[in-house]
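Inspection log for the structure reproduced underneath, given as structure tokens.
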Amino acid sequence: MFTHFYNESVRKLVVAFGSLFNDIVISRKDSSGTETEKIRVPLSYGPKEKFITRLNNFNSLSETAKSEITLPRLGFEISDVTYDSSRKRNTLNKSRFTTQTGEGLTLDFAYAEVPYNFSFALSAFTRNMDDGLQIMEQVLPFFTPEFTVSINFTSLHDKIDIPIILNSVALVEDYEGNFDTRRNIQIDFSFTAKSYVFGPTKNSSVIRQTKTVF
């Protein structure tokens with residue numbers, strides 16, 4: 001029953017989710033309103049506690065030099081995985097795909113996919129409020145409240161539409177410390193991706209001839 005297989009279903013979902021926020025750019029302007037620079041916000045996978053720790057602790061490059069993490073920055077992670085019984089199909093339903101091999105025509109098949117809801121947490125870290133608002137406005141208009149992406153999971157399950165739902169947005173400003181402490185502004189986005197996991201793909205020969213006896 002439990003033979004090894006790996007369809008990379010969850011990995012492909014993580015890559016697709018991260019690619020949605022990989023091209024966010026913020027603009028900096030001077031007092032006259034002239035644009036001085038554009039910054040592409042870096043994105044990485046990891047829990048927000050990891051970034052908060054790096055914000056509060058300098059990295060030692062040498063005994064005399066220390067550096068801080070560069071802001072703005074985006075980080076995301078999977079926070080929860082739950083089974084979704086409302087989208088469950090009959091387990092015995094099959095998806096089929098014929099392939100041509102050296103020995104002739106064969107049939108690949110797999111049983112019905114299993115629906116799961118994947119919760120994602122996306123966090124934006126900035127030094128000033130304007131950068132955070134720019135990031136927020138480049139995310140919110142596309143989720144009403146869901147945004148659908150198409151993912152090629154396997155040869156039997158290609159171009160599957162996965163809705164990604166924006167559940168909530170929370171803005172946190174760090175007031176701790178004295179007036180000399182640099183403030184940290186954090187915007188937390190909560191998402192739910194209604195995706196699937198897929199079982200192993202099996203192989204069988206194609207029925208070419210039948211025989212009926214009366």
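The values are calculated or read from the model by the stated rules, or taken from the named source; none is laboratory data. Keep in mind it's a predicted model, so treat the numbers as computed, not measured. A quick note on method: Cβ atoms are made from the backbone with ideal geometry, for glycine too, and the neighbour counts reach across all protein chains shown. Just the protein is used for accessible areas: all its heavy atoms, side chains included, with ligands, DNA and RNA removed. Shrake-Rupley method; radii C 1.70, N 1.55, O 1.52, S 1.80 Å.
If you check ILE52 against the conditions, is it modelled with pLDDT under 75, part of a loop (DSSP other than H, G, I, E, B) and aliphatic (A, V, I, L, M)?
For ILE52, the condition - modelled with pLDDT under 75, part of a loop (DSSP other than H, G, I, E, B) and aliphatic (A, V, I, L, M) - is not met.
Does segment 171-183 include one or more residues that are modelled with pLDDT of 95 or more and either touching a Pro at 6+ places or on another chain (Cβ under 6 Å) or open to solvent by less than 50 Å² (accessible area, probe 1.4 Å) (or both)?
No: zero hits.
List every residue pair whose Cβ atoms sit under 8 Å apart, with the two residues 6 or more apart in sequence or on different chains, where the first one lies in segment 134-148 and is touching a residue at least 24 places away in the same chain (Cβ under 8 Å) and the second, anywhere, is of a type outside the set (A, V, I, L, M, F, W, C) and surrounded by 17 or more Cβ atoms within 10 Å (Cβ to Cβ).
ILE135/PRO72; ILE135/THR126
Looking at (1) open to solvent by 70 Å² or more (accessible area, probe 1.4 Å); (2) among the hydroxyl-bearing types (Ser, Thr, Tyr); (3) in contact with a strand residue (DSSP E or B) (Cβ under 6 Å, 6 or more places away or on another chain); (4) modelled with pLDDT under 80, which is the one condition that is false for SER67?
(1)
Output the qualifying pairs, or none if there are none: Cβ atoms under 7 angstrom, residues six or more apart or on different chains, first residue in segment 70-91 and over 28 Å from LEU133 (Cβ atoms) and of a type outside the set (Asp, Glu), second residue open to solvent by less than 50 Å² (accessible area, probe 1.4 Å) and at pLDDT 95 or above.
Close Cβ pairs satisfying both conditions: VAL81/PHE118; THR82/ASN117.
In segment 135-176, how many are touching a Ser or Thr at 6+ places or on another chain (Cβ under 6 Å) and assigned to a strand (DSSP E or B)?
Final tally of qualifying residues: 6.
Within segment 2-23, is there a residue that is open to solvent by less than 60 Å² (accessible area, probe 1.4 Å), more than 30 Å from THR148 (Cα to Cα) and either among the hydrophobic types (A, V, I, L, M, F, W, C) or at pLDDT 80 or above (or both)?
Looking through segment 2-23, none of the residues is open to solvent by less than 60 Å² (accessible area, probe 1.4 Å), more than 30 Å from THR148 (Cα to Cα) and either among the hydrophobic types (A, V, I, L, M, F, W, C) or at pLDDT 80 or above (or both).
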